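What follows is one structure encoded as structure tokens, with my remarks underneath.
The values are calculated or read from the model by the stated rules, or taken from the named source; none is laboratory data. From a predicted model like this one, the values you see are computed outputs, not experimental measurements. Note that each Cβ is placed from the backbone with ideal geometry, even for glycine, and that neighbours are counted across all protein chains shown.
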2 protein chains.
Amino acid sequence: MIKRNRVGILFVISAPSGAGKTSICRAVMEKREGISFSVSATTRPPRQGEVNGKDYLFVSRDEFQQMIDRDELAEWAEVHGNLYGTPLLPLVKKTDAGEDLFLDIDVQGAGKVLSYFPNSVGIFVMPPSIQVIHQRLKGRGTERPDELERRISAAKREIAQFHMFHYLLLNDDFEQAVADMCSIVDAERQKTAYLREVWW
Amino acid sequence: MIKRNRVGILFVISAPSGAGKTSICRAVMEKREGISFSVSATTRPPRQGEVNGKDYLFVSRDEFQQMIDRDELAEWAEVHGNLYGTPLLPLVKKTDAGEDLFLDIDVQGAGKVLSYFPNSVGIFVMPPSIQVIHQRLKGRGTERPDELERRISAAKREIAQFHMFHYLLLNDDFEQAVADMCSIVDAERQKTAYLREVWW
């Protein structure tokens, strides 16, 4: 019987704010084994319910600067006034151990990670319309009006860059979007590019 | 609401004899719209139940030679003493019209088509073991012993080339293999590489 040994796959998931990418990833992880969120570092304060080391690695500006100086980040960027970065070592260790990862990241950072890891898989989650982004952001109730306006403008700029990603996943119907993301994960897991060894 | 216009995808499906690739493709076409078999030309005589123009374009050696001379074939090869070829124009016309195609082809031809169409998607269907190929070929009851031996040897050579394909699809359990092929089709249909236009 055939046996396969493969490296883990890094799925780089990006979207304009309010496209619903994080909820889709969570639902996929409930349906599929062997895939988890990569944990980013950030200087932004935790939101209610967020857990340090699980949702984010919450660090001070000084600590973040040290990570930059030690080349410990695959990428980092300032978004909406806060620093966000992707610690390199956990990505390499986990994918080397055959574990697949979702990296939930802004478009700016996604471009850097996709270049840094040529075998990573870029997925851009597209909301069905700008009106829907507007509604979803307002529905959260966490944004001030000027912040909301800034996020809508950013969304338009980000959407213009979807061609940088391998996949364009439309999030119109949530269940369909989850099924579509599962198809991408299931398909990518069959790629020969990730195979290290095949015994037969 | 977002609308997408994309080119059709050419899925180049190859496998050692007896791996079950044709049955998998048929089952996928029952579950998914907008995908059909590309029709190859061949000089081999029709088997019972095969329909000209549907299963194959059955042609004489002379007619086949004319197709070669007129550059009408994307590839052609001699396999087990018969000529097989892939007419170019229907592939281009159908994918240009946004229709997806399964090209059911031997490994030798698959390599040529994958080079000819850089956006085509190579899928190698792998039987779970050599023993299974042996059993499946004998089960068909259509092969003479020397023919059977020749096909087993060819299968081993073909398997050694699986890295030429994008996907390695294991056909151990038939229903799982059909689901896996559906995932590949569903995922590929979300690729940005095939998009011609996006309205938003």
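Candidates A:G34, A:G111: the one that is out of contact with any Leu (no Cβ under 6 Å at 6 or more places or on another chain), of a type in the set (G, A, S) and at pLDDT 95 or above is A:G34. Candidates are the residues of region A:190-200 that are within 8 Å of another protein chain (Cβ to nearest Cβ) and outside any helix (DSSP H, G or I); the one that is farthest from A:F165 (Cα to Cα) is A:W200. The number of residues in region B:44-83 that are touching a strand residue (DSSP E or B) at 6+ places or on another chain (Cβ under 7 Å) and touching a residue at least 24 places away in the same chain (Cβ under 8 Å) comes to 10.
Residues in region A:155-173 that are more than 9 Å from chain B (Cβ to nearest Cβ) and either surrounded by 18 or more Cβ atoms within 10 Å (Cβ to Cβ) or modelled with pLDDT of 95 or more (or both): A:A155, A:E158, A:N171.
May I ask you to list the residues in region B:113-141 that are buried (at least 16 other Cβ atoms within 10 Å of the Cβ) and touching a strand residue (DSSP E or B) at 6+ places or on another chain (Cβ under 6 Å)? Those that are buried (at least 16 other Cβ atoms within 10 Å of the Cβ) and touching a strand residue (DSSP E or B) at 6+ places or on another chain (Cβ under 6 Å): B:V113, B:L114, B:F117, B:S120, B:V121, B:G122, B:I123, B:F124, B:V125, B:M126. With respect to the conditions (1) in a loop (DSSP other than H, G, I, E, B); (2) under 27 Å from B:N5 (Cα atoms), A:Q176 lacks only one, and its number is (1).
Listed here are the residues, each with its yes/no results for (1) under 23 Å from A:A77 (Cα atoms); (2) more than 14 Å from every other protein chain (Cβ to nearest Cβ).
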{"position": "A:V92", "(1), (2)": "yes, yes"}
{"position": "A:G98", "(1), (2)": "no, yes"}
{"position": "A:L101", "(1), (2)": "yes, yes"}
{"position": "A:I105", "(1), (2)": "yes, yes"}
{"position": "A:Q108", "(1), (2)": "yes, yes"}
{"position": "A:L114", "(1), (2)": "yes, no"}
{"position": "A:P118", "(1), (2)": "yes, yes"}
{"position": "A:F124", "(1), (2)": "yes, no"}
{"position": "A:S129", "(1), (2)": "no, no"}
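Is it the case that some residue within region A:149-160 is in contact with a helix residue (DSSP H, G or I) (Cβ under 9 Å, 6 or more places away or on another chain) and within 30 Å of B:R32 (Cα to Cα)? Working first, answer last.
Here is the first cut: in region A:149-160, the residues in contact with a helix residue (DSSP H, G or I) (Cβ under 9 Å, 6 or more places away or on another chain) are A:151-152, A:154-159.
Narrowing the set further to residues that are within 30 Å of B:R32 (Cα to Cα) leaves A:159.
Yes, region A:149-160 has at least one match.
Scanning region A:174-184 for residues that are at the interface with chain B (Cβ under 10 Å from one of its Cβ atoms) and of a type in the set (D, E) yields a total of 1. If you go through region B:152-180 and keep only what is in contact (Cβ under 8 Å) with a residue 60 or more places away in the chain and among the hydrophobic types (A, V, I, L, M, F, W, C), you end up with B:A154, B:A155, B:I159, B:F165, B:L169, B:F174, B:A177, B:V178. A single member of A:I68, A:I13 is under 25 Å from A:E149 (Cα atoms) and at pLDDT 95 or above, and it is A:I13. Taking (1) surrounded by fewer than 20 Cβ atoms within 10 Å (Cβ to Cβ); (2) in a helix (DSSP H, G or I); (3) facing chain B (nearest Cβ under 10 Å) in turn, A:A187 satisfies each apart from (1). Take the conditions surrounded by fewer than 21 Cβ atoms within 10 Å (Cβ to Cβ) and at pLDDT 80 or above and apply them to B:P145. Does it pass? Yes: the conditions hold for B:P145. A single member of B:K138, B:K112, B:K94 is part of a helix (DSSP H, G or I), of a type in the set (K, R) and within 15 Å of the chain's Cα centre (by Cα), and it is B:K112.
Here is a yes/no grid of residues against (1) under 27 Å from A:Q135 (Cβ atoms); (2) within 14 Å of chain B (Cβ to nearest Cβ); (3) under 17 Å from the mean Cα position of the chain (by Cα):
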{"residue": "A:K3", "(1), (2), (3)": "no, yes, no"}
{"residue": "A:R6", "(1), (2), (3)": "no, yes, no"}
{"residue": "A:G18", "(1), (2), (3)": "yes, no, yes"}
{"residue": "A:A27", "(1), (2), (3)": "yes, no, yes"}
{"residue": "A:S36", "(1), (2), (3)": "no, no, yes"}
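State all residues of region B:38-50 that are surrounded by 14 or more Cβ atoms within 10 Å (Cβ to Cβ), more than 11 Å from the chain's Cα centre (by Cα), in a loop (DSSP other than H, G, I, E, B) and not polar (S, T, N, Q); if no residue qualifies, say none.
From region B:38-50, those surrounded by 14 or more Cβ atoms within 10 Å (Cβ to Cβ) are B:38-44; that's our starting set.
Restricting the remaining residues to those that are more than 11 Å from the chain's Cα centre (by Cα) gives B:41-44.
Now drop any that are not in a loop (DSSP other than H, G, I, E, B), which leaves B:43-44.
Passing the criteria: only B:R44.
When the test is whether a residue is touching a strand residue (DSSP E or B) at 6+ places or on another chain (Cβ under 9 Å) and of a type outside the set (D, E, K, R), B:A110 passes it. Go through region A:115-135 and count every residue that is farther than 17 Å from A:H166 by Cα, β-branched (V, I, T) and either touching a Gly at 6+ places or on another chain (Cβ under 8 Å) or not in a helix (DSSP H, G or I) (or both). Residues in region A:115-135 being farther than 17 Å from A:H166 by Cα, β-branched (V, I, T) and either touching a Gly at 6+ places or on another chain (Cβ under 8 Å) or not in a helix (DSSP H, G or I) (or both): 2 in total. The set of residues from region B:1-16 being surrounded by 23 or more Cβ atoms within 10 Å (Cβ to Cβ), in a loop (DSSP other than H, G, I, E, B) and not hydrophobic (A, V, I, L, M, F, W, C) comprises just one member, B:P16.
Among the numbered conditions (1) in contact (Cβ under 8 Å) with a residue 12 or more places away in the chain; (2) in a helix (DSSP H, G or I); (3) away from chain A (no Cβ under 14 Å), the only one that B:T86 does not meet is (2).
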